[in-house]
1. Order the peptides 295-302, 77-84 from the highest to the lowest mean number of other Cβ atoms within 10 Å of their residues.
2. How large is ³J(HN,Hα), in whole Hz, for each residue of the range 16-32 in order, when computed from phi with the Karplus curve 6.51 cos²θ - 1.76 cosθ + 1.60 and θ = phi - 60°, using x for Gly and Pro?
3. Would you mind pulling out the separation of the Cα centroids of the range 68-94 and the range 1-41, in Å?
4. Could you tell me what % of all Cα pairs in the range 296-365 have separations over 15 Å?
5. Can you tell me the orientation of helix 270-284 relative to the chain, as the angle in degrees between its alpha-carbon axis and the longest Cα principal axis, to the nearest 10?
6. Tell me, what is the 1.4 Å probe accessible area of H69, in Å² to the nearest 10?
7. Could you give the dipole magnitude of the chain about its Cα centre, charging the beta-carbon of Lys and Arg +1 and that of Asp and Glu -1, in debye to the nearest 20?
8. Among T239, Q279, I220, whose Cα projects farthest towards the positive end of the dipole of the range 209-292, with charges put on the beta-carbon of Lys, Arg (+1) and Asp, Glu (-1)?
Amino acid sequence: MTFPANPFKPTAGVMPPVLIGRESIGLDFSEGLDDGPGAPDRLMLITGPRGSGKTVMLTELGLIAARRHWTVIDETASAGLAERLIARIAPESSRIAGVNIKPSLMGASLGEVNIAPALRPSTLRDAMSARLRALGKGKGLLITIDETQDASMEDMTAIATAAQHMLRDNAEVAFVFAGLPSLVSDLLNAKVLTFLRRASIKELGDVPLDEVRDAFASTIRGAGLSITDEALDFAAQSTGGYPYMIQLVGYNMWRTARRRADESGRTISLDDVKAGVEQSKAKLGEGVCAPVVKQLSERAVDYVTAMAQDDGPSSTSEVAARMGESMDYANIYRQRLIEDHIIASPARGFVDFAIPFLREYLRSLHRPE
Ligand SMILES: Nc1ncnc2c1ncn2[C@@H]1O[C@H](COP(=O)(O)OP(=O)(O)OP(=O)(O)O)[C@@H](O)[C@H]1O
Ligand SMILES: [Mg+2]
């Protein structure tokens with residue numbers, strides 16, 4: 001009797017077996033497409049910390065659009081974003097605003113498409129209009145941009161300006177931007193991007209634990225394995241509802257059970273779950289938290305270590321006191337840690353971790369043997 005293949009996907013950007021707790025976003029987006037131009041969810045901003053499921057959400061929305069026969073263009077922000085978009089959106093061999101975009105310029109030699117920044121918004125618009133014409137009546141175009149926080153202000157201005165015009169013209173288009181939570185304040189602070197204020201903002205928070213439990217149950221039992229309710233509860237609890245951790249725990253408990261399995265075994269036991277959770281915490285610490293901590297200066301580590309004494313948000317004056325420093329001095333570190341998206345300020349005078357499980361990781365470093 002063979003043990004079924006492991007369905008969990010603890011890998012960045014890879015679709016999980018069950019997309020837990022995100023139905024409403026998919027529904028909003030579907031309705032946005034069905035309701036036609038002007039629907040608010042045709043302009044969406046998805047934010048969440050690392051490992052919260054932004055990339056996977058973009059994939060899901062792309063699938064929803066593709067099912068409606070929309071054309072989907074996925075891009076990730078980095079240098080040259082606007083020009084890359086223009087080259088990918090423009091129908092082959094089209095002539096747009098004096099730029100002849102030939103198929104030979106697509107792909108590897110994109111660098112050859114060189115458009116002055118001032119022309120990019122209108123060129124992007126022309127490219128979208130030309131593509132929509134080529135697609136034919138009723139067919140739409142979805143553009144998704146991942147890691148938006150890394151986009152240059154020039155690129156964002158070009159894209160936002162073009163998007164604004166297309167939406168205003170009631171074109172069959174939709175735009176979804178995904179990025180780290182700080183993106184919202186950064187974007188909204190930039191005057192040119194005020195139109196993005198109207199975007200429908202979806203914050204990817206923790207997934208409810210009962211939904212995690214149900215998804216574990218259906219994935220495991222659906223594959224013909226058995227698991228007790230107690231083991232399921234333990235597994236779900238240990239994820240904290242953090243999507244990346246959900247995949248890690250699922251993957252590791254499954255793997256532990258498979259390696260242990262004897263003839264009678266098509267079971268994930270409570271011990272398998274416990275072992276899997278320990279491996280997952282180590283992996284999360286190693287893979288996500290350690291690189292973050294390694295980049296920090298010694299005093300910045302002191303700052304976050306002082307925060308880790310609290311179970312929730314920390315008072316900034318309390319943190320300074322624990323460091324034995326003045327508020328002004330501690331503030332230098334607070335500011336840098338906020339800029340680096342490692343901590344956030346949920347309220348005036350308070351800071352909290354912006355990276356799930358970083359608190360637990362820091363505590364584990366200082367735990368006495
Ligand atoms: N709703 C969900 N339910 C279960 N697992 C999920 C869910 N969303 C994402 N995952 C899983 O979590 C992990 C992280 O997902 P993803 O790479 O999309 O996150 P991200 O927010 O884009 O992270 P980063 O900021 O590092 O790019 C993947 O292993 C993915 O399969
Ligand atoms: Mg991602």
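1. Values: 295-302: 14.0, 77-84: 18.5.
Answer by packing, highest mean first, reads 77-84, 295-302.
2. Each residue's phi maps through the Karplus curve to give x, x, 10, 7, 8, x, 10, 4, 5, 5, x, 5, 4, 5, 4, 5, x Hz.
3. Cα centres, the range 68-94 to the range 1-41: 23 Å.
4. Numbers: 1049 of 2415 pairs.
Summing the P(r) of the range 296-365 above 15 Å gives 43 percent of all pairs.
5. Compared with the principal axis, the helix lies near 50 degrees.
6. Taking all protein chains as shown, H69 has close to 130 Å².
7. 1060
8. Q279
The values are calculated or read from the model by the stated rules, or taken from the named source; none is laboratory data. This is a predicted model, so every value here is computed, not measured. When we count neighbours, we look across all protein chains shown, and the Cβ atoms used for this are built from the backbone with ideal geometry, even at glycine. Each accessible area value is taken on the protein alone, full model and side chains, heavy atoms only, with ligands, DNA and RNA left out. Shrake-Rupley method; radii C 1.70, N 1.55, O 1.52, S 1.80 Å.
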